[in-house]
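The structure appears below as structure tokens.
What follows is calculated from the coordinates using simple rules that are stated; it is not laboratory data. What you see is a predicted model, and the numbers here were worked out from it, not measured in a lab. Here Cβ is always computed from backbone atoms with ideal geometry, including for glycine, and neighbour counts include all displayed protein chains.
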Amino acid sequence: DEQPPAPAPTPAVTPAPAPEKPFAVEDKSEPEWVPPAWKKVAIGQTVAFSTAATRAWEAFWAGDYHVAADEFSRHLGRHAADLPAHWAAAIALYYTGSFDESANRLRTLEDTLRRRHDAKFAGAYESLHFLAFMQAVAYAAGGRRDSARADAQRALAEDLAFYQARMLLGDLALSDGDTAVAAREWSDARDVFGADPVGHQRYARFLLRTG
């Protein structure tokens with residue numbers, strides 16, 4: 001008798017697709033971007049270490065984001081003041097598809113940095129635009145376009161020259177079918193991104209998409 005076809009194998013679960021270096025952390029030796037205010041707060045302070053933290057960081061730099069997210073959660077349950085762990089946990093959550101949790105973790109980090117900045121650096125101001133942008137990227141990946149747009153606009157309010165937020169706003173407008181707004185945002189981004197090859201590549205793709 002003819003045998004029924006074998007069932008197709010279940011595909012492996014993989015992180016959701018991400019834009020080019022959404023959080024700029026692909027360099028395994030040292031993050032390419034660290035928030036300026038994070039540097040002021042964290043350098044010189046003793047970062048809390050625990051068994052969970054050790055496992056979390058090892059998994060994080062190895063790209064095992066599911067393990068990293070779980071271990072950072074355990075660690076931060078007892079060491080909530082460990083700011084670098086909040087930052088890495090948000091990235092791990094993003095790459096496991098937990099976009100809302102990633103954005104929430106980033107907002108916690110941003111609020112903490114802002115409070116510490118207000119307490120320690122009165123009279124000076126450090127922009128936290130990249131943290132707002134990271135939240136926007138997480139929300140956009142999760143399909144929460146209104147939240148993504150609000151955080152991208154918040155990033156621009158902190159730094160008008162931050163063209164990555166402009167590009168994201170352009171993509172969000174295009175996904176909503178608003179080609180006029182998309183063209184305006186991309187035009188503004190093009191005026192700022194200069195020789196950035198990623199900016200030029202993404203702008204070329206935008207032009208191809210819009211004809």
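Okay, here's what the table says:
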| item | result |
| --- | --- |
| Test item: Cα-centred dipole of the range 162-211, Lys/Arg +1 and Asp/Glu -1 on Cβ, debye | 160 |
| Gyration tensor over alpha-carbon atoms, the range 144-211, equivalent ellipsoid semi-axes in Å | 17, 16, 9 |
| Restricting the range 106-211 to trypsin sites (Lys or Arg not before Pro) in coil, as DSSP defines it, with at most 11 other Cβ within 10 Å | none |
| For Gly97, distant residues with modelled amide H under 5 Å away | Ala16 |
| Mean projected area in nm² (Cα convex hull; one quarter of hull surface) for the range 56-198 | 9.8 |
| Distance between modelled label sites at Val67 and Ser127, nm, 7 Å Cα→Cβ extension | 3.8 |
| Whole-Hz couplings from phi, Karplus 6.51/-1.76/1.60, listed for the range 80-85; x for Gly and Pro | 5, 8, 7, 4, x, 5 |
| ³J(HN,Hα), Karplus 6.51/-1.76/1.60, whole Hz, each residue of the range 138-148, x for Gly, Pro | 5, 5, 5, 4, x, x, 8, 5, 5, 5, 4 |
